[in-house]
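Peer 1: Sharing a structure here in structure tokens format.
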Amino acid sequence: MRRFQWPLQRLLDVEAQRERALRLELVRLSQEIAAAHREIFRRQVSLRGALADLAGRAVEKRLPEQQEFMRRSVAEEAQLDRLREGLKVLQKRRSEKTAAFSRARSARETLERLREEAFQEHTRAVLQQDQKELDESSHLAFARELIERRVGKPE
């Protein structure tokens, strides 16, 4: 039986490699998004904690510290806004990579389906060729047997 060779095998390999690379990129982006979420949450908890600490103080101590807290919270909110914008950018990149990953997966699955169909066609062709050779050898054996009977028979 001759060996199956598919002309698009290299393309299938490249598509599979591209899909793996996109999957790794998606994982990395998801990790970055999770880290950004954690940082935003950590900063929000810190602000809330400082506010709760400030609220628990006596009024005469709270007023001077409250002004400092307000200045600090404005800067912290600006930093939170920058983090949220960065998070939006990361989420947009992830959605783009997800779309590219879906296209790569679809291309790979299509190529695998085509390869499977080509392999089945190859198998059918090989089986037909084997059957044809078997039929031919049977016909030759039968013809030889007939010839031997005729030659071996006196007239």
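Peer 1: Condition first: among the aromatic types (Phe, Trp, Tyr), under 30 Å from ASP13 (Cβ atoms) and assigned to a helix (DSSP H, G or I). Can you find one or more residues in segment 67-74 that meet it?
Peer 2: Taking every residue of segment 67-74 in turn, none turns out to be among the aromatic types (Phe, Trp, Tyr), under 30 Å from ASP13 (Cβ atoms) and assigned to a helix (DSSP H, G or I).
Peer 1: A follow-up question, please. Identify, from the list ARG43, ARG23, ARG28, ARG10, the residue that is assigned to a helix (DSSP H, G or I), exposed (fewer than 11 other Cβ atoms within 10 Å of the Cβ) and either at pLDDT 95 or above or at negative phi (or both).
Peer 2: ARG10
Peer 1: So, one more: When you go through (1) under 30 Å from GLN128 (Cα atoms); (2) not in a helix (DSSP H, G or I) one by one for ARG57, which number turns out not to apply?
Peer 2: All conditions are met except number (1).
Peer 1: Of all residues being among the small types (Gly, Ala, Ser) and either exposed (fewer than 10 other Cβ atoms within 10 Å of the Cβ) or at pLDDT below 90 (or both) in segment 46-70, which is farthest from the chain's Cα centre (by Cα)? Just the residue, please.
Peer 2: So the residue we want is ALA58.
Peer 1: Whether any residue in segment 75-83 is in contact (Cβ under 8 Å) with a residue 40 or more places away in the chain and in a helix (DSSP H, G or I) is what I want to check.
Peer 2: Yes: one or more hits.
Peer 1: Could you pull out the residue among VAL89, VAL126 that is among the β-branched types (Val, Ile, Thr) and either over 41 Å from the mean Cα position of the chain (by Cα) or at pLDDT 95 or above (or both)?
Peer 2: VAL89
Peer 1: Now a separate question. Look through ARG103, ARG108 and report the one residue that is touching a residue at least 24 places away in the same chain (Cβ under 8 Å), within 20 Å of VAL27 (Cα to Cα) and either more than 11 Å from the chain's Cα centre (by Cα) or surrounded by 12 or more Cβ atoms within 10 Å (Cβ to Cβ) (or both).
Peer 2: Testing whether each residue is touching a residue at least 24 places away in the same chain (Cβ under 8 Å), within 20 Å of VAL27 (Cα to Cα) and either more than 11 Å from the chain's Cα centre (by Cα) or surrounded by 12 or more Cβ atoms within 10 Å (Cβ to Cβ) (or both) leaves just ARG108.
Peer 1: If you go through segment 114-121 one residue at a time, do you hit one that is part of a helix (DSSP H, G or I) and within 18 Å of LEU24 (Cα to Cα)?
Peer 2: no
Peer 1: Also, quick follow-up: Report the residue count in segment 84-113 for those that are of a type in the set (D, E, K, R) and either outside any helix (DSSP H, G or I) or farther than 26 Å from GLU15 by Cβ (or both).
Peer 2: The number of residues fulfilling the criteria is 3.
Peer 1: Kindly establish whether LYS97 is loosely packed, with under 12 Cβ neighbours inside 10 Å and within 50 Å of the chain's Cα centre (by Cα).
Peer 2: Answer is no for this residue.
Peer 1: I would also like to ask the following. Residues of segment 73-86 being over 28 Å from the mean Cα position of the chain (by Cα) and over 13 Å from GLN44 (Cα atoms), which ones?
Peer 2: ARG82
The values are calculated or read from the model by the stated rules, or taken from the named source; none is laboratory data. Because the structure is predicted, anything quoted here is derived from the model rather than measured. FYI the Cβ positions are ideal-geometry reconstructions off the backbone, even for glycines, and counts take in every protein chain you see.
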